[in-house]
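The values are calculated or read from the model by the stated rules, or taken from the named source; none is laboratory data. Everything numeric in this text was worked out from a predicted model, so none of it was measured. No Cβ is skipped: glycine too gets one built from the backbone with ideal geometry, and neighbour counts run over all protein chains shown.
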Amino acid sequence: MGIPVEGHCDPKFGEIRDLFEKSFDGDEEIGSAICFVLDGETIVDLWGGHYDQTRTRAWERDTIVNTYSTTKGMTAICAHQAIERGLLDLDKPVAHYWPEFAAAGKETLPVRWLLSHQAGLPAVEKLLPDDAVVSWDVMCAALAEQEPWWEPGTKHGYHALTFGFLVGEVIRRATGKTVGEWFRENVSGPLGADYHIGFGPEHDARTSDLIGSLLPSGKSGDAAEVPDIPGPLGQMMKDMRDPSTMTGAAFNNPPRGADRVNTREWRAAEVPAANGHGTARALARIYGALARGGEIDGVRVLESKSIELARTEQAFGPDAVLGQLPMRFGLGFMLRQDLMPLSPSPNAFGHPGAGGSIGMADPDAKVGFGYVMNKMHMGLVGGPSAFAVLQRFFALLQ
């Protein structure tokens, strides 16, 4: 007997329910949820599987889970709201808002390059203490001191963890609000979207742990535990375990094991590149607003011109951090490309999270989408379940 799936699915998209149900066969997923919003209407809202690795508790309608880098899209929305309100200027130096940032030759580096992963600050070189990842002031001070790893603006490289502290500190300096506060007051609160960047113990009982890790288990730095993949991608996988490399430092300095993301300390902190927690429904509603010009149910998240700016290509090509994978970035969002087949539309944008979560908007089809899960899959740009469902959805939409 299959794993029970609950929720609503428009009959036209019955194959989406079938695909979702099959994702629990063969242990592909343990617990997950999926949601599509079409021109403001929720047409698919499904959840199923289990909340825990022992499979003793069902995933429920209001189960939330860490979405890793899917958080970056939420942080980007906050930045664009601040820009729209005249509190932040993309082309002003970061140091205009954050004077300490001018150190190490960064005095003219513009805010724009923080959002487009062109700042040359994907990692901190000096070894940071274990708890630095949940210590805002420590991370921001280290980034203010850090010399860029490349000449800013000359290339791009994924700022996996530092994106949130860089963009978040500029937001904090410009608005007087932390990212979590701003997001709650201006995005999730008005929309009634169950998504959080930092939260108290009141939500712990419904927060599923992430199960597994991005890389195979084994001692850090043990190349024998890393899959033997030829070329730059294989080298990146090895570098990820070596904090003396730029890529290794980007993912492992400060050190953070798979268990840290399941702690109260992690959930309470604001890590705006990596510790957003929420439902697929929340992601689909937020991106559903962006997909229809920035408004849903009378709540405006962004003006349409701000959305156009946010999804304007800033960088495309070999990524200096991710093993020369071809990445395409707007201002805080990943853009549609072959590696990131969000939809058939070249105008689609959004953000995936390590392990398989994803949120995205297709402004041509007016589709918002969210997918969350608790089992970590290999890969940094979404997981197989989400992309399989996306592909089938747009085929059925025709």
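Only a single criterion out of (1) closer than 26 Å to Ser343 by Cα; (2) in contact with a strand residue (DSSP E or B) (Cβ under 9 Å, 6 or more places away or on another chain) is not satisfied by Glu41, namely (2).
Taking each residue of the range 84-107 that is under 22 Å from Ile307 (Cα atoms) and looking for partners that are of a type in the set (D, E, K, R) and assigned to a helix (DSSP H, G or I) with beta-carbon atoms closer than 8 Å, six or more apart or interchain, yields Leu90/Arg112; Asp91/Arg112. Within the range 115-165, being buried (at least 24 other Cβ atoms within 10 Å of the Cβ) and of a type in the set (Asp, Glu) holds for no residue.
Considering (1) surrounded by fewer than 24 Cβ atoms within 10 Å (Cβ to Cβ); (2) among the aliphatic types (A, V, I, L, M); (3) in contact with a Lys or Arg (Cβ under 6 Å, 6 or more places away or on another chain), the lone condition that Leu325 does not fulfil carries the number (3). Could you grab me the full set of residues in the range 1-57 that are acidic (Asp, Glu) and more than 25 Å from Leu210 (Cβ to Cβ)? Scanning the range 1-57 gives Asp10, Glu15, Asp18, Asp39, Glu41.
Is it true that Ile77 is among the β-branched types (Val, Ile, Thr) and either under 23 Å from Gln391 (Cβ atoms) or touching a strand residue (DSSP E or B) at 6+ places or on another chain (Cβ under 6 Å) (or both)? No, not satisfied.
Being at pLDDT below 90 and surrounded by fewer than 19 Cβ atoms within 10 Å (Cβ to Cβ) is the requirement here; does Arg260 meet it? Yes, satisfied. Residue under question is Arg172, and the condition is that it be touching a strand residue (DSSP E or B) at 6+ places or on another chain (Cβ under 8 Å), assigned to a helix (DSSP H, G or I) and without any contact (Cβ under 8 Å) to a residue 40 or more places away in the chain; does it hold? Judged against the criteria, Arg172 is not a match. Inclusion of Leu109 among residues that are in contact with a Ser or Thr (Cβ under 6 Å, 6 or more places away or on another chain) and farther than 22 Å from Trp182 by Cα is not warranted. Residues that are within 28 Å of Ala82 (Cα to Cα) and not in a loop (DSSP other than H, G, I, E, B) do not occur anywhere in the range 317-324. The set of residues from the range 354-374 being within 23 Å of Pro272 (Cα to Cα), at pLDDT 95 or above and not polar (S, T, N, Q) comprises Ile358, Gly359, Met360, Ala361, Gly368, Phe369, Gly370, Tyr371, Val372, Met373. Of the conditions (1) crowded, with 21+ Cβ neighbours inside 10 Å; (2) out of contact with any helix residue (DSSP H, G or I) (no Cβ under 8 Å at 6 or more places or on another chain); (3) assigned to a helix (DSSP H, G or I), Lys305 fails just one. Which one is it? Looking at each condition in turn, Lys305 falls short on (1).
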